[in-house]
Structures are given as C-alpha cells and as structure tokens.
Amino acid sequence: MSLALEAEGLVRRYGDRAAVDGLDLAVEAGELYGLVGPDGAGKTTTMRMLAGLLPPDAGAVRLDGEALTIGAGAARAAIGYMPQQYSLYGDLTIDENLAFFGRLFGLPRKARAERTDRLLQITRLGRFRDRRADALSGGMYKKLALACALLHQPKVLLLDEPSNGVDPVSRRELWDLLYAFVEDGMAVVLATPYMDEAARCHRVGLLNEGKLLAEGPPAELVRRFRHPTVRLTVDDRDAAEICLAPLDEVLAVSPEGAALRVVARAGADLDALVPGAEVEPVDAEFEDVFLALLRDPDSVEARP
Amino acid sequence: MRPALIRTAALAVKELAHIRRDPQMLAFALLLPVVLLLLFGYAISFDLDHIPLAVVDRDQTADSRALARRMTAGDLFVPVADAPSAEAAVPLLRRDVARAALVIDDDYTRALRRGEPAPVQLLVDGADNSTAAVAMGYASAIAIGRVEVPGGLPYAVRSRALFNPALRSTIFIIPGLMALILVIIAVMLTALTVAREYERGSMEQLFATPTRRVEIILGKLAPYFVLGLVQVLLVLTAGVTLFDLPVRGSLLLLFGVASLFLLAMLGQGLLISVVTRSQMLASQVAVITTLLPALLLSGFIFPIEHMPLPLRVLANVFPASHLVEALRAILLRGNGPAAVAADCGAIAAFFAVMLALSIKRFQRVVGA
C-alpha cells in the first residue's frame, strides 16, 4: 500500500502555547487512522493543517508525496474534509447543498447526479432530499456532511469528530459507511475523543497537548501495555476513586458499573491503599491504555 | 464553461437561494428605498411655505395694504392675525400663533412719496432659525422687487436659479437619497453575507474546496450588485414619476456611475466582513462607516463647501459625496462624462483600496 497522507514535524503555536508540537503522521491508502485525544489535545488544529486550511509554523504535509500548501486548488480535489462544527447551509435543502459542493468540485452534471443518488441511497437520506439542512436531526446532518465531503471521491477523507451529536444508531451507520469507503482504498483520518470509536480504527495515534503519546493498532497498543489493570469492588466507589486518583502509583481510575477499573504501577499495593476492597486482575482495554498514557508516557513498550 | 466560472456561478446561485429564503432581508432591501423616498419626498421637505404671518399695518393706506397683500400673495406667508403694534405682535410669535410679523410704520406712504427708504420691519421667530432665514430672504426679495420707487433704483437685482428654477428640495435630495439607499443596502448586506459564512462555519467548508478567494468574492457579491442596480432603477423611476425628477443627462452614464459606486460599497462591505467576521459587529461597523458619511458628509443635506477642512477632506474620501455630485451633474445639469470623470476617479480609488485591503485580509485560513 502507498502513503496517501504524510505529516512531518507539524508545529502550530498560539502565542506561547504549542497546540501541536512536532507531530509526525503517515496514513496509507485503505487505512482508517484515528487521532484520539481529550478536548484541547490539538486534534482540530492538526486536522486543519492536514486539510491545508491552516499553515503549520513548522513541518510539512504531503499528499501523495506532493507538498500541500494553503490555497493549493488542485490538491483540494484529493481531500474530503468534514469540519467538527456545522458547516453546511442550513437554509438550503439536502439536494441544494450537494449540488453546490458538487459544482465547486467541478463535477459534470451527469456525474453529480449519479453520485448524489448513490450517496443519498447509502446514507438513506434519499427520502429527505427537499428537506432543509437545519431541519435534519444530528445524525442525518452528519451523514449529509459526509456525503458532501465524499461527493468528489477524494483519496483522503478527514473527519473531525464526526459522531459528535449523533445518536447510536446513526453512529453505527456512519461507521459502516466509513468501512465501505476504506475498503475501496480511501485513506481516512478521523479525530475523536471517544475511546470506543478509536478502538474501531485500523491504527490510532494518541494525542495529548499537541504530542503523539503512542501510535499503533489499538489491539497492539493493548498488548504492549506494561501496567496491570484491576477491577476494584468496594462499598463506597466514589470515595475510593477520590482517594486513589491523586496517587503517584495509580495511573488511571475509571468507574465500571458499581466497581472501579484501576491501572496501577506494578507492585502498587491496592489492598493496603483501599482496605477491604476486593481486587481482581482484568485484561487491559484500550481506554485503560489511553488514560494511563496521559500520566505515564512510557506505559506502552516500544515496538519490538 | 471553465471551472472558475462554474464555481463563481454556483456561489451566486447559492447566494440567491439565501436571499430568496430570507423574506425579511428581501423586504428590507426592496421596501427601504421606497419608504425612504416617500419619507424624504413628501414628509421631510426643506422647502418652506405657509409661514403664519401677523400683520401690523400702522399706516393704513392703499400702499401699505398693497405691500401686505404682496407679502401674502404666494404660498410662503399666510396672514393669520392683525396686531396694532410691534409690541402687540411679539406675544403672537411667542405663543407660536405666528412665525413672522410684518410691521409697516405709520410713515410708510409718506416716505415712499418723498423717495426715502420706506420703513418696514419683519419680525421673525429666531427660535426656528431655518424658517427665520428663509422668511427674511423671501421678504426682502418681495420688497425690493416690487416696491416702486420714484425715479427708479440705481440697479435691480434679479436672481434666477438654474436647473432647478423652483429650488425644490426634493429634486436636490433624490441624488443624495440614492447614495443613502445604496450604501445601506450594498454595504450592510455584503458585510452580513460574508460574516455569516464565518459565523456558521461554512467558510471552513468553502476553503476546503478548490474555490479561489476571488471566486468566493465575486460569486457572493454578484447578486447584491444586481440588487443594487434594481434599487437605482426603483428610486429613479419613483423620482421621475412621483416627483418630476428631470433626467437631463445620459441614463447609460448614470448607471455607469451608479455601478462604480456599488462596487466601491460592496468592497467596503467586504472589508468590514472579513475584518469583523461577526454579523453583529459587521452591522454596527457598517452603520457607522456608511450611514454617517452618506447622511452628513455627502452633501446630501449639508453643503460640503461650508464644512471645516478636516470634514471636507473626509467627505471627499467617502464615495457618497462624489456620487451625489455626479448624479446631480447628470440628472439636473445634464452633464456628460467629462464633468463626472473626477468624481468617478475618486470612487474608483476608494474601490481599489477597499478591494486590496479585503484580499490581503481574506486568507483561505481557518483557526489561525
């Protein structure tokens, strides 16, 4: 497989603060890459630089080996971009929005009509063609935005938090669509704060404070995780969480039903820290890895 | 068609759809000119007439009565009261029964016969100084022109207003009104339309397409340019049919000048829009930078020549004054292209500056 999108040493500063700080990234054709991180990690800034909408202070983005610059009209045809916030025209109908973006990408009338029909069919928006975008539900709106970003059949699709404000059913549909396009050879970069979404990507980059903490297929990151994870059952779950969270040897605490999931450094004596708790070792999950990485950047062993 | 043209056209079509679906905006754009025209044309008039006049005729002769009749013969003065003395007339002015009082001295006829200046006094209500000034001017004109002096006057003053013989203010106002309407519509609507793209996030999506900046600008502004020309036509038609506005010069030239002015205004709106990126702020800035110059510094109502130097300079920078000047030249004086070339040059310079600044500021970058 060939590299579709490549970023090298991307830096973007706002004042003294670096929103993105030396980010390297490479995505192949037919790959679904997840850029995962908490709010404020630098995901949107990264996505905008990848889309050529924001010039990096340092570093470069290459699209099919060609440097991407601001205003490079020809390169735009290879990129599909779906911003995080609402960015379509609410007072235009589904059809009008699609026709508008189709014309901007220079699609001939016939191709535009065919692709619009096909996209509306697979997004199941066909029945609502004459409905105005601002009258669509969150999920329908995102599917329309996705259709607008896909209309010109880009090689690289950039999605900034696509499932924000989308109901679970529409979310699953959205993912089914993405897998279908990736299978056809499209490279997809998706920014998300949700760990369950990240776990569905082929490969993820864990982003925090503008830096990639770790990168790899989600299952492999879990395999390379070096800290033990336990399930801690205790009478007062919330009190135990408050007590454990600030400790140095505790890397992650998250509620799981009536119990707590805790990632601690090897050798930490949880029995002593929370007297009377029932401690049961469990397999680490992707979320545990991510949370632990925020506290200890060396939580994942280097690739063998 | 070339892709650039297709994209520009797509933007213009989309903008038309926005306009169509925003009935309030469309109503604002089409009704405002009509409302302003009717308001300025009918209600607000700078022409004075029917000034209530008190007459104090202490002479009580055929000559004195003839003078009083001449004063009230036109529409300007209407006799409302007689008073025995000047002192008695003052309360009438104070109570606003009369705005002026004609006081004819008891020596009037005798002085006339002797060939001496005949003493006539006009008391005016200085609290309303525009009425006062006009009343005094008219009164002296009536007196000088008509009073027969034995042996004749050494000279006679005869003034005649060219191009607008009746000195009707409506005719004088319509060119200014056109400037006012165009600045409101063109600047306000453009400022809002581009700011709206930023505000609702669609600018980011636009930048992610191959569309170039100039295409975005042209496509978005074209519908407003056409709308502006429709308004020129609207005001012109209403002016001609309702207020007998003369069109002495070339219509083609008039629309040429109006088009140039529209471009300048669209440029100003664009600049406001790309700088503020917010509809709220854009509309405020638009009001301050367009309405004020168009109302106060365009020569629309207040003559620019009588302003202090800094204001005169400012008035010349804003294109509204040049449009008003050029429209009056074309409509009223029937002048040709040579007479409006300088004004057109000034408008074009303003447009060039606005466009250059806008393009410099309007970068295809989001989140910077």
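Considering the stretch A:254-281, the residues that are in contact with a helix residue (DSSP H, G or I) (Cβ under 7 Å, 6 or more places away or on another chain) and of a type outside the set (A, V, I, L, M, F, W, C) include one that is most open to solvent (accessible area, probe 1.4 Å), namely A:PRO255. Checking the structure you have, find out if any residue of the stretch B:226-246 is assigned to a helix (DSSP H, G or I) and over 22 Å from the mean Cα position of the chain (by Cα). Checked against the condition, which is being assigned to a helix (DSSP H, G or I) and over 22 Å from the mean Cα position of the chain (by Cα), the stretch B:226-246 yields at least one hit. With respect to the stated conditions, B:ARG277 fails to be among the charged types (D, E, K, R), surrounded by fewer than 20 Cβ atoms within 10 Å (Cβ to Cβ) and more than 23 Å from B:LEU221 (Cα to Cα). Scanning the stretch A:190-248 for residues that are farther than 30 Å from A:ASP176 by Cβ and assigned to a strand (DSSP E or B) yields A:LYS211, A:THR229, A:VAL230, A:ARG231, A:LEU232, A:THR233.
A single member of A:ALA18, A:ALA7 is touching a residue at least 24 places away in the same chain (Cβ under 8 Å), touching a Pro at 6+ places or on another chain (Cβ under 9 Å) and part of a strand (DSSP E or B), and it is A:ALA7. Among the residues of the stretch A:104-134, those identified as in contact (Cβ under 8 Å) with a residue 24 or more places away in the chain, out of contact with any Ser or Thr (no Cβ under 8 Å at 6 or more places or on another chain) and open to solvent by 20 Å² or more (accessible area, probe 1.4 Å) are A:GLY106, A:LEU107, A:ARG112, A:ARG115, A:ILE122, A:ARG124, A:PHE128, A:ASP134. The condition of being in contact with a Pro (Cβ under 8 Å, 6 or more places away or on another chain) and closer than 30 Å to B:VAL194 by Cα does not hold for B:ALA356.
Can you confirm whether A:THR69 is out of contact with any helix residue (DSSP H, G or I) (no Cβ under 7 Å at 6 or more places or on another chain), open to solvent by 50 Å² or more (accessible area, probe 1.4 Å), of a type in the set (S, T, N, Q) and more than 7 Å from chain B (Cβ to nearest Cβ)?
It is true that A:THR69 is out of contact with any helix residue (DSSP H, G or I) (no Cβ under 7 Å at 6 or more places or on another chain), open to solvent by 50 Å² or more (accessible area, probe 1.4 Å), of a type in the set (S, T, N, Q) and more than 7 Å from chain B (Cβ to nearest Cβ).
Among the residues of the stretch A:224-240, those that are touching a strand residue (DSSP E or B) at 6+ places or on another chain (Cβ under 9 Å) and open to solvent by 50 Å² or more (accessible area, probe 1.4 Å) comprise A:ARG226, A:PRO228, A:ARG231, A:THR233, A:ARG237, A:ASP238. Note on the stretch B:1-104: enclosed helices (runs of 4 or more DSSP H) holding 2 or more residues that are within 14 Å of chain A (Cβ to nearest Cβ) are B:3-20, B:23-38. B:THR290 fulfils the conditions (1) in contact (Cβ under 8 Å) with a residue 12 or more places away in the chain; (2) farther than 13 Å from B:MET178 by Cβ; (3) open to solvent by 70 Å² or more (accessible area, probe 1.4 Å) except for a single criterion, (3).
Once the stretch A:72-98 is narrowed to residues that are under 15 Å from B:VAL13 (Cβ atoms) and more than 8 Å from every other protein chain (Cβ to nearest Cβ), the residue that is surrounded by the fewest Cβ atoms within 10 Å (Cβ to Cβ) is A:ASP95. Can you pull out the residues in the stretch B:338-368 that are under 29 Å from the mean Cα position of the chain (by Cα), surrounded by 15 or more Cβ atoms within 10 Å (Cβ to Cβ) and not aliphatic (A, V, I, L, M)? Within the stretch B:338-368, B:ASP343, B:CYS344, B:PHE350, B:PHE351, B:SER358 meet the criteria.
The values are calculated or read from the model by the stated rules, or taken from the named source; none is laboratory data. Here the structure is a predicted model, which is why all the values come from computation and not from measurement. Neighbour counts run over all protein chains shown; Cβ positions are idealised from the backbone, glycine included. In case anyone asks, the SASA skips ligands and DNA or RNA and just uses the protein heavy atoms, side chains included. Shrake-Rupley method; radii C 1.70, N 1.55, O 1.52, S 1.80 Å.
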